[in-house]
Amino acid sequence: MKLIRRCRCGLWLGLSLGFVALIALLTWLFLRAGEVSPEGHYAYMQSLRRVQQADVELNVAVLGSYSDLMHNYDPLVRLVQEIRSEQPVIGRFPAWVPADDLPQLNSKLAELRAAQQLKEEDIDQFQRSNSVLRNSLHYFPLAAETYLEKLGAGRPPELDHFVRSVLTFGQGPEREDVDKLKQELARIQKLELPAFGELSPAHLLVHARAIIGRRPEVDRLAFRIMNSPTARLSEELTRLYTDGHEASQRLAGYYRQLLYAVSMLLVLYVMYAIERINRDRRDLLQRYEAQRQAEEGLRLYAQVFTSAAEGMTITDAESKILAVNPAFCQITGYRAEEVLGKTPALLNSGRQGREYYRQMWSELLKRGQWHGEIWNRRKDGGIYPEWLSVAAVRDAAGKACNYIGIFTDISERKENEARIHHLAHHDALTGLPNRILLEDRIAQAIAKSRRADLQVAVIFVDLDRFKNINDTLGHEVGDNLLIQAAGRGLGVLRETDTLSRLGGDEFVVALPEVEQLQYAMHVAHKLLTVLGQPYLLAGHALTVTGSAGIALWPGDGQSVSELLRKADAAMYRAKEEGRNTARFYSAGANKTSLGELLLENDLRGALERKELTMFYQPKVEAQSGRLIGAEALMRWQHPEHGLIPPTRFIPLAEESGLICAMGEWALDEVCRQQRVWLDAGLQPVPVAVNLSAHQFAQQDVPTLVADALQRHQLPPEMLALELTESLLMRNAGNAARVLHALHGMRVDVAIDDFGTGYSSLSYLNQFPVQSLKIDRSFVCEIGAPGGTVKLVAAMIAMAHELDLSVIAEGVETEVQRDYLLAHGCDQFQGFLYGRPQAAGQIRSLLAAAS
Amino acid sequence: MKLSSLHRLLLAVLLLSGLGGVIWYSSPWQVPAELPVQPSSSISLANLDTTRPILPLPVPDLPAERVALGRRLFEDKRLSGDNTVACASCHDYERGGADGRRFALGIGGAVGSINTPTVFNSGLSFVLFWDGRAANLEEQAAGPIHNPIEMGSSWADVLARLGQDGAFVREFTLAYPDGLTAVNLADAIATFERSLVTVNSRFDRYLQGHREVLTGLEIEGYRRFRELGCVSCHQGALIGGNMYQKFGVLGDYFSGRPLNKSDFGRYNVTQREEDRHVFKVPSLRNVALTAPYFHDGSATTLDKAVRIMGRYQLGRELSDQDVEALVAFLGTLNGEWQGVLLK
């Protein structure tokens, strides 16, 4: 800085000195060029010319006076005075006369002055003498003539001669010898001549003497004046002067050329300088404009940086944060100074794995940019999703020197998306998935099950007479009921299952990965059971039953809509067949399935071929564990397929109407077996036979029972019947008559699968039944996490209130047993006490008991 | 755009200056070799009639304020050593511009040795003083001032005295911007004196064609003036005053007279023998008013002076008729000053 200043000082000093030198040079040249002033030269030349002219005129005047042509001396005086007045002017040479010429000029001037002085004196003398001569020349002839006349003839002849000689002499320049005339004059003076008054010879001779004396003098003076060197000298002076003038003029001209050249150089330089300045100015203007635009751009960019809603991060090549914008701080909660110098890893939430970042960096390095969704952690620990764009800034060498990260907090968007998604896919009232989501879930379930080679069940559930509730109690009550129903439905489903509401009172359940048809039916029953529980609504305890239709993939259809349609159809069939029940669509489907058709055919001959057998599952007294009964369960020993479970062939039997024959066979077979055991001396326990809805609806059950007992001579205590709640409900009018008849025959009746249907105890109270069988789905809940065990306890307590004994089905664990025992359950049936087994095995049990 | 027009203006100025330079360089610097000669004096030779012996007086044209200033000085007694004598004391306008005495009367009553010449028409005289020792009126003015028996003063004294008169100095400075100096004082006095031209004499009018102005005798006088040869020396506008001549050129005027230094005339200036008794030929203008005559004031009347002139200068004895006629003629030479005929 100091050095620069010193340099600049030096520069200025140099420039100033240069300027002073240039100004001095120009001034000097200008003075030298203009030194020969034309006015001075003109005046001097004028003066010289005047002197010369006056000199010439003076000669003329003298000549005029000499020849008696001029009669006054005023011109002479005037001219002499004029010459004299010019003398000081001529004496002052102009300043520019070269010094070398001055001595020569001065000596010439001195010569001229001397000559002029001499001439002046000569003129003075000439004036004096000429006047006298002129007077004498005028007077002498007159006086001489008069005098000679007066003398008369006796005058001396020499006088005559003398007068003539003087007159002749007086006329012109020296025609006579002066000395001779003077001698004559002397001679005549010696003559005794008389005087005549005023006219005396002395007078005459004075004038003669004057003529003789003055004539040569005047001639000589005139000659000298005429031949005065003044003209020549002034001419020489003029020449000398003009020579000097020309030399000076040439010199001045030379300086003028120099001055012109220097000025032209200056002009050229100034033009060059102006052009240069102009160019610089344009350059500067452009540069300024560019800079202004750049600044504007920068300001704009800075504005973008500071006011953007997106968080921005600028890092160096080592990912050290160089700058962040206000939005960054707002989103992350960090202040700028807290993150500067650190890396963006500060924000790492840990949600993405190492691989994620590795991929991000590889793409960033390869393509120079990366976009993606990333989860980061705020300063307060909150984790939020952001949409992050990272761009690499490369330097001239192509090496990344900065990274710019721009991100948006998308948590809200995510939430919105989720909410919208939820709204789009869920029913607003119950929060259950809607049809769209359901279809999606079913499709997913199909895909999943296809891989696992399993089935998918679609259960269509519709609440019976829901419309009545809506109409009579209002929509609010209806809505509340639906909400509760949804909650209950969810309670009995697995997490992988989907419960959805299609609208109104229609619910659909999708069950993926179903191994057996029975599971679907089981779930359907559970659903119907929980839905059939009483609802406490607006002070009313309402009971609503439902109907369920089940369609299976791949058996009933390939597409989602087809499955739904078929499940709907099955549901309507269930409704037709007495509500509060579930139906497979399978009847139609089985018809189209060759396997099911063959099985139905096989089933038709199964009775004759005696392929059907009875298995017996023990019932024990809860307190003692003593065998007190058994349930007869039909088994089909298929010659090719082996043992076929009733869940598979019972629906076939119902579809084909074989069920009635099979029901008859079952009654007869149980009675025959009891007879066998009685005859063998064993103490048989009552055996329960299941009655189907078809049987109940189409056959005269009391007669059948009476016939069977009659046929085998079996006391009625040895036989019991089990029928489902829904069967009773559907055939309510018939049911009471049948049950009373049976009661009259002292045949015990138990309500099977209690809890899955209407579960209306007050309704049951109308029928003379002796016991309730709690459905295995309730028993399963016991000991399971989150199970609704209180319902079981309530059912037991209520049944006891109605003087009904309670049998728990599906008791498989000791926990279940202990719980049920604690709550007063009367009998147990389940794997814990024995699986369904052949008659032979029961015989040994009976034998052991007795 | 503004800058661009400025740039164009600058270029135009540069071009013009370059052009000017070229014109300046190529302009004729040389003064033409042949110069018309201009006469230096106001009276050109062309106006001078050389064939006539006597010419009318020219009318002077002079700066009025300097003339007035010169007159005041001319009449100012502070120019003398004892504040008693002014120029006008001896050069009395009422006495034909002279004093009417034989010799000048200076300060303290001192008497000089030479007759006072008239101041009228002195500006046209070719030299001043009887012996012509002053080439012009400026030189002449210093003479009487420094002469101890005339004004007995000096330029220094005069300047000191006049310098105390503030009003005068202010007025003087109006006419002479460089103020009160000896040169300017002399110039003022000389300028005034040059204005003392006695124009419009009867003879001048006669010369201009008014023949009836003169009487027969006067015309006869003029004829004899020429015939006798007076006109040989007394010629020109001043009728004299333009040459020197020896007093006693055809007879010894000084023989038998006591000589003093003034009688040597021009010899006192040149110390040349031929200038002994040589005097300036005096002008005959207003001669009738300036008695006594000659340098020594010896001729008390014009008659006597005319006769002496005839005897010593013309070498003849003039008749009474001659003298009468000549005196009559000389009387016609009185001119007017400030429109008034001198008496």
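Can you find a residue in the range B:213-225 that is under 25 Å from the mean Cα position of the chain (by Cα), more than 14 Å from chain A (Cβ to nearest Cβ) and more than 16 Å from B:P53 (Cβ to Cβ)? Give the derivation first.
Within the range B:213-225, the subset under 25 Å from the mean Cα position of the chain (by Cα) is B:222, B:225.
Going one step further and asking which of them are more than 14 Å from chain A (Cβ to nearest Cβ), we end up with none.
No - not one qualifying residue is present in the range B:213-225.
Only one of the numbered conditions (1) assigned to a loop (DSSP other than H, G, I, E, B); (2) among the charged types (D, E, K, R); (3) within 13 Å of chain A (Cβ to nearest Cβ) is violated by B:R311, and that is (1).
Taking the range A:532-541 as the range and being surrounded by 14 or more Cβ atoms within 10 Å (Cβ to Cβ) and in a strand (DSSP E or B) as the test, the residues that pass are A:P534, A:Y535, A:L537.
State the number of residues belonging to the range A:261-270 that are within 30 Å of A:A95 (Cα to Cα) and surrounded by fewer than 17 Cβ atoms within 10 Å (Cβ to Cβ). Spell out how you get there, then give the answer.
First, pick out the residues of the range A:261-270 that are within 30 Å of A:A95 (Cα to Cα): A:261-264.
If we keep only those that are surrounded by fewer than 17 Cβ atoms within 10 Å (Cβ to Cβ) as well, we get A:261-262, A:264.
Final tally of qualifying residues: 3.
Can you tell me which residue is farthest from the chain's Cα centre (by Cα) among those in the range A:104-146 that are within 15 Å of A:I211 (Cβ to Cβ) and hydroxyl-bearing (S, T, Y)? Per the stated criteria, the residue is A:Y139.
Can you tell me which residue among A:L300, A:L285, A:L237, A:L251 is in a helix (DSSP H, G or I), modelled with pLDDT under 90 and farther than 23 Å from A:R32 by Cα? Write out each step before concluding.
Numbers: A:L285 fails: modelled with pLDDT under 90; A:L237 fails: modelled with pLDDT under 90; A:L251 fails: farther than 23 Å from A:R32 by Cα.
Exactly one residue qualifies, and that residue is A:L300.
Residues that are modelled with pLDDT of 90 or more and within 14 Å of another protein chain (Cβ to nearest Cβ): list the helices (runs of 4 or more DSSP H) wholly contained in the range B:50-146 that include at least 3 such residues. Here the list reads B:137-146. Taken as a whole, the range B:206-213 holds at least one residue that is assigned by TED's automatic domain parsing to the domain that holds B:R285, assigned to a helix (DSSP H, G or I), basic (K, R) and surrounded by fewer than 22 Cβ atoms within 10 Å (Cβ to Cβ). The conditions of being touching a residue at least 24 places away in the same chain (Cβ under 8 Å), in a helix (DSSP H, G or I), assigned by TED's automatic domain parsing to the domain that holds A:V56 and closer than 25 Å to B:E317 by Cα are met by A:L137.
Matching residues to (1) touching a Phe, Trp or Tyr at 6+ places or on another chain (Cβ under 8 Å); (2) within 9 Å of chain B (Cβ to nearest Cβ):
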site: A:N59; (1), (2): no, no
site: A:M70; (1), (2): no, yes
site: A:R78; (1), (2): no, yes
site: A:E82; (1), (2): no, yes
site: A:P94; (1), (2): yes, no
site: A:L112; (1), (2): no, no
site: A:D122; (1), (2): no, no
site: A:S131; (1), (2): no, yes
site: A:H138; (1), (2): no, yes
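Comparison of A:V89, A:V36, A:V51 shows that the only residue that is touching a helix residue (DSSP H, G or I) at 6+ places or on another chain (Cβ under 6 Å), farther than 20 Å from A:I123 by Cβ and in contact (Cβ under 8 Å) with a residue 60 or more places away in the chain is A:V36. Of the residues examined, B:G251 is not one that is more than 28 Å from A:I123 (Cα to Cα) and either assigned to a loop (DSSP other than H, G, I, E, B) or over 21 Å from the mean Cα position of the chain (by Cα) (or both).
Just wondering, is there one or more residues in the range A:143-159 that are surrounded by 13 or more Cβ atoms within 10 Å (Cβ to Cβ) and in contact with a His (Cβ under 7 Å, 6 or more places away or on another chain)? Yes, the range A:143-159 contains at least one residue that is surrounded by 13 or more Cβ atoms within 10 Å (Cβ to Cβ) and in contact with a His (Cβ under 7 Å, 6 or more places away or on another chain).
For (1) within 14 Å of chain B (Cβ to nearest Cβ); (2) of a type in the set (V, I, T); (3) in contact with an Asp or Glu (Cβ under 7 Å, 6 or more places away or on another chain), each residue gets a yes or a no:
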{"site": "A:V262", "(1), (2), (3)": "yes, yes, no"}
{"site": "A:L285", "(1), (2), (3)": "yes, no, no"}
{"site": "A:A309", "(1), (2), (3)": "no, no, no"}
{"site": "A:A323", "(1), (2), (3)": "no, no, no"}
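Being part of a loop (DSSP other than H, G, I, E, B) and surrounded by fewer than 20 Cβ atoms within 10 Å (Cβ to Cβ) is the filter here; which residues of the range B:196-205 pass it? Before you say what the answer is, go through the steps one by one.
Residues of the range B:196-205 part of a loop (DSSP other than H, G, I, E, B): B:196-198, B:200-201.
Result: B:N200, single match.
Note on the range A:279-316: residues that are assigned by TED's automatic domain parsing to the domain that holds A:D395 and more than 19 Å from the chain's Cα centre (by Cα) total 1. The single condition from (1) loosely packed, with under 14 Cβ neighbours inside 10 Å; (2) in the same structural domain as A:E373 (by TED's automatic domain parsing) that A:S319 fails is (1).
Looking only at the range A:515-557, how many residues end up being among the small types (G, A, S) and within 21 Å of A:K790 (Cα to Cα)? Please lay out each step first, then the result.
Step one: list which residues in the range A:515-557 are among the small types (G, A, S), which gives A:520, A:524, A:532, A:538-539, A:541, A:546-549, A:551, A:555, A:557.
Next cut, within 21 Å of A:K790 (Cα to Cα) only: A:532, A:541.
Number of matching residues: 2.
A single member of A:A486, A:A570 is touching a strand residue (DSSP E or B) at 6+ places or on another chain (Cβ under 7 Å), hydrophobic (A, V, I, L, M, F, W, C) and within 16 Å of A:L432 (Cα to Cα), and it is A:A486.
Here's the yes/no breakdown for (1) within 30 Å of B:K246 (Cα to Cα); (2) of a type outside the set (S, T, Y):
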{"position": "A:G213", "(1), (2)": "yes, yes"}
{"position": "A:S228", "(1), (2)": "yes, no"}
{"position": "A:G244", "(1), (2)": "no, yes"}
{"position": "A:A252", "(1), (2)": "no, yes"}
{"position": "A:V304", "(1), (2)": "no, yes"}
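Quick test for you: out of A:E621, A:E611, pick the one residue that is over 26 Å from A:V747 (Cβ atoms), touching a strand residue (DSSP E or B) at 6+ places or on another chain (Cβ under 8 Å) and at pLDDT 85 or above. Lay out the reasoning, then the answer.
Details: A:E621 fails: over 26 Å from A:V747 (Cβ atoms).
Sole residue among the options that is over 26 Å from A:V747 (Cβ atoms), touching a strand residue (DSSP E or B) at 6+ places or on another chain (Cβ under 8 Å) and at pLDDT 85 or above: A:E611.
Among the residues that make up the range B:185-199, is at least one of them of a type in the set (D, E) and touching a residue at least 60 places away in the same chain (Cβ under 8 Å)? Give the steps one after another, and end with the answer.
Just the residues of the range B:185-199 that are of a type in the set (D, E), to begin with: B:187, B:193.
Subsequent filtering for residues that are touching a residue at least 60 places away in the same chain (Cβ under 8 Å) retains B:187, B:193.
Yes: the range B:185-199 contains one or more residues that are of a type in the set (D, E) and touching a residue at least 60 places away in the same chain (Cβ under 8 Å).
For beta carbons closer than 7 Å, sequence separation of 6+ or different chains, a first residue in the range A:814-825 that is free of Cβ contacts under 8 Å to residues at least 40 places away in the same chain and a second that is in a helix (DSSP H, G or I) and among the hydroxyl-bearing types (S, T, Y), there are no qualifying pairs.
Would you mind finding the one in A:S47, A:S85, A:S67 that is of a type in the set (S, T, Y) and exposed (fewer than 15 other Cβ atoms within 10 Å of the Cβ)?
Details: A:S47 fails: exposed (fewer than 15 other Cβ atoms within 10 Å of the Cβ); A:S85 fails: exposed (fewer than 15 other Cβ atoms within 10 Å of the Cβ).
Result: A:S67 is the single residue among A:S47, A:S85, A:S67 that is of a type in the set (S, T, Y) and exposed (fewer than 15 other Cβ atoms within 10 Å of the Cβ).
So that you can scan it fast, the table gives a plain yes or no per residue for (1) within 60 Å of the chain's Cα centre (by Cα); (2) of a type outside the set (D, E); (3) at pLDDT below 90:
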site: A:P715; (1), (2), (3): no, yes, no
site: A:L719; (1), (2), (3): no, yes, no
site: A:S726; (1), (2), (3): no, yes, yes
site: A:M729; (1), (2), (3): no, yes, yes
site: A:V738; (1), (2), (3): no, yes, yes
site: A:L761; (1), (2), (3): no, yes, yes
site: A:I782; (1), (2), (3): no, yes, yes
site: A:G786; (1), (2), (3): yes, yes, yes
site: A:K790; (1), (2), (3): no, yes, yes
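If the condition is being farther than 26 Å from B:A325 by Cβ and crowded, with 20+ Cβ neighbours inside 10 Å, then the range B:247-276 contributes B:D263, B:G265, B:R266, B:D275. For the range A:634-649, a residue qualifies if it is closer than 28 Å to A:T703 by Cβ and surrounded by fewer than 19 Cβ atoms within 10 Å (Cβ to Cβ), and the qualifying residues are A:R635, A:P646. Taking residues in the range A:416-428 that are without any contact (Cβ under 8 Å) to a residue 60 or more places away in the chain, and partners anywhere that are part of a loop (DSSP other than H, G, I, E, B), the pairs with Cβ atoms closer than 8 Å and at least 6 places apart or on different chains are A:A424/A:N434; A:H425/A:N434; A:H426/A:L432; A:H426/A:N434.
The values are calculated or read from the model by the stated rules, or taken from the named source; none is laboratory data. Here the structure is a predicted model, which means the values were calculated and not measured. Counting neighbours? That spans all protein chains shown, and the Cβs are built from the backbone with ideal geometry, glycine included.
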